[in-house]
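Trainee: Can you read through this structure? Questions will come right after.
The values are calculated or read from the model by the stated rules, or taken from the named source; none is laboratory data. None of these values were measured; they are calculated from a predicted model. For neighbour counting, all protein chains shown are included, and Cβ atoms are generated from backbone atoms with ideal geometry for every residue, glycine included.
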Amino acid sequence: MKARARGDLKIGPAGWSYPDWHGLVYPRSKPHGFSELEYLSHFFDCIEINTSFYQPLRPDFVKAWLKQVEHNPRFEFTAKLWRRFTHDLGAGREDEKAAKQGLAPLLESGRLGALLLQFPWSFKNAPENRDYLASLFVQFIEYPLVVEVRHSSWNHPDVYRFLSDLGVGFCNIDQPLIGRSLPPSDRATSPVGYVRLHGRNYDQWFTADENSSPRERYNYLYSLAELDPWVKRIKAVAAQAQVTYVIANNHFEGKGVVNALELISLLTGQIVSAPQRLIERYPELQQVAVPESHGPSPQQGNLFFDAAKPIPR
């Protein structure tokens with residue numbers, strides 16, 4: 001992991017290529033050579049790669065992505081590990097090789113902030129699952145690892161010690177609190193802090209098929225009032241970690257982009273720039289943002305939090 005001052009903070013959306021973002025996040029008529037990723041990297045210092053969850057990344061694609069963000073020296077990717085390791089639990093050596101080949105350009109470039117091991121709600125805290133995690137951590141030991149679990153059985157001091165002892169980060173999540181779902185938290189168990197906001201679409205959280213159409217599952221826009229407790233939690237995580245990544249996964253129709261921009265403004269106390277089309281669709285953005293052609297320069301400003309200062313709770 002690269003050396004950096006404690007409290008570095010990067011905020012961005014999950015993914016960047018969605019048909020429903022056209023005309024909202026991106027122009028309706030894209031100019032020749034328009035790059036969605038390059039465009040977003042003017043607003044954010046990180047984006048989570050979600051295609052790596054469905055299949056191994058293609059190294060040539062990754063190298064192209066790296067060129068598209070060259071203009072932003074602070075920009076980093078985070079990436080989700082292939083679901084064969086986290087949901088199917090049946091990956092072999094060839095799968096490991098394929099996954100690592102796709103991640104190699106990210107790791108070599110120094111722009112891989114974290115590799116996220118995202119497990120489903122059904123993956124509960126049991127001896128065999130802790131053993132599986134330990135072996136998976138060894139398999140991918142060369143990466144800055146963060147684990148996301150969703151069942152409340154993992155909310156135990158022994159789990160946090162287990163992750164801390166192995167140098168693996170814990171992902172703090174916002175999700176619909178149904179049954180034994182993991183509640184919001186502000187923990188850091190490694191130099192890498194991580195926060196993911198999934199939305200609170202209670203009706204669709206377990207009924208929608210997350211493997212086919214996440215349309216309704218992630219169709220949720222946080223209000224500023226709902227984000228406020230997360231501002232406090234994010235500051236608390238950033239005070240514990242060297243670098244903290246905050247990912248808005250409520251991506252349907254650009255809602256995650258809206259909330260990521262709002263979080264940057266709430267955390268910096270500054271007005272940010274946003275796509276004109278997005279402000280027109282979500283007028284609540286006018287409270288914290290101005291159209292990009294009239295706003296601050298690209299890269300909305302570096303976010304750092306002094307660990308020595310008290311954190312509001």
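Trainee: Given (1) of a type in the set (Gly, Ala, Ser); (2) farther than 27 Å from Trp16 by Cβ; (3) surrounded by 19 or more Cβ atoms within 10 Å (Cβ to Cβ), identify the lone condition not met by Gly169.
Mentor: Failing condition for Gly169: (2).
Trainee: Among the residues of the range 106-128, is there at least one that is touching a helix residue (DSSP H, G or I) at 6+ places or on another chain (Cβ under 6 Å), among the aliphatic types (A, V, I, L, M) and under 21 Å from Asp158 (Cα atoms)?
Mentor: yes
Trainee: Give Leu261, Leu221, Leu266, Leu227 a once-over and let me know the one that is within 19 Å of Val25 (Cα to Cα), at pLDDT 95 or above and either over 17 Å from the mean Cα position of the chain (by Cα) or in a helix (DSSP H, G or I) (or both).
Mentor: Step by step, each of Leu261, Leu221, Leu266, Leu227 is checked, and only Leu261 is within 19 Å of Val25 (Cα to Cα), at pLDDT 95 or above and either over 17 Å from the mean Cα position of the chain (by Cα) or in a helix (DSSP H, G or I) (or both).
Trainee: Which of the residues spanning the range 168-194 are of a type outside the set (S, T, N, Q) and either within 18 Å of Arg130 (Cα to Cα) or outside any loop (DSSP other than H, G, I, E, B) (or both)?
Mentor: Val168, Gly169, Phe170, Cys171, Ile173, Asp174, Leu182, Val192, Gly193, Tyr194
Trainee: Out of curiosity, is Arg200 in contact (Cβ under 8 Å) with a residue 40 or more places away in the chain and either out of contact with any strand residue (DSSP E or B) (no Cβ under 7 Å at 6 or more places or on another chain) or among the basic types (Lys, Arg) (or both)?
Mentor: no
Trainee: I need the full set of residues from the range 133-157 which are more than 25 Å from Asp174 (Cα to Cα) and of a type in the set (Ser, Thr, Tyr), in order please.
Mentor: Matches in the range 133-157: Ser135 only.
Trainee: When the range 143-167 is examined, which residues are found to be part of a helix (DSSP H, G or I) and of a type in the set (Val, Ile, Thr)?
Mentor: Val159 - this is the single residue of the range 143-167 that is part of a helix (DSSP H, G or I) and of a type in the set (Val, Ile, Thr).
Trainee: Provide a single number: the residues in the range 102-127 that are among the polar types (S, T, N, Q) and over 27 Å from Phe44 (Cβ atoms).
Mentor: 2
Trainee: Another question, then. Filter the range 129-142 for residues that are in contact (Cβ under 8 Å) with a residue 40 or more places away in the chain and not in a helix (DSSP H, G or I) and give the result.
Mentor: Answer for the range 129-142, where residues must be in contact (Cβ under 8 Å) with a residue 40 or more places away in the chain and not in a helix (DSSP H, G or I): just Phe140.
Trainee: Further, regarding this structure: Which one of these is under 29 Å from Leu66 (Cβ atoms), among the small types (Gly, Ala, Ser) and free of Cβ contacts under 8 Å to residues at least 60 places away in the same chain: Ala114, Ala126, Ala91?
Mentor: Ala91
Let's see how each residue does on (1) surrounded by fewer than 22 Cβ atoms within 10 Å (Cβ to Cβ); (2) at pLDDT 95 or above:
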{"residue": "Leu117", "(1), (2)": "no, yes"}
{"residue": "Tyr132", "(1), (2)": "yes, yes"}
{"residue": "Pro184", "(1), (2)": "yes, yes"}
{"residue": "Thr189", "(1), (2)": "no, yes"}
{"residue": "Ala208", "(1), (2)": "yes, no"}
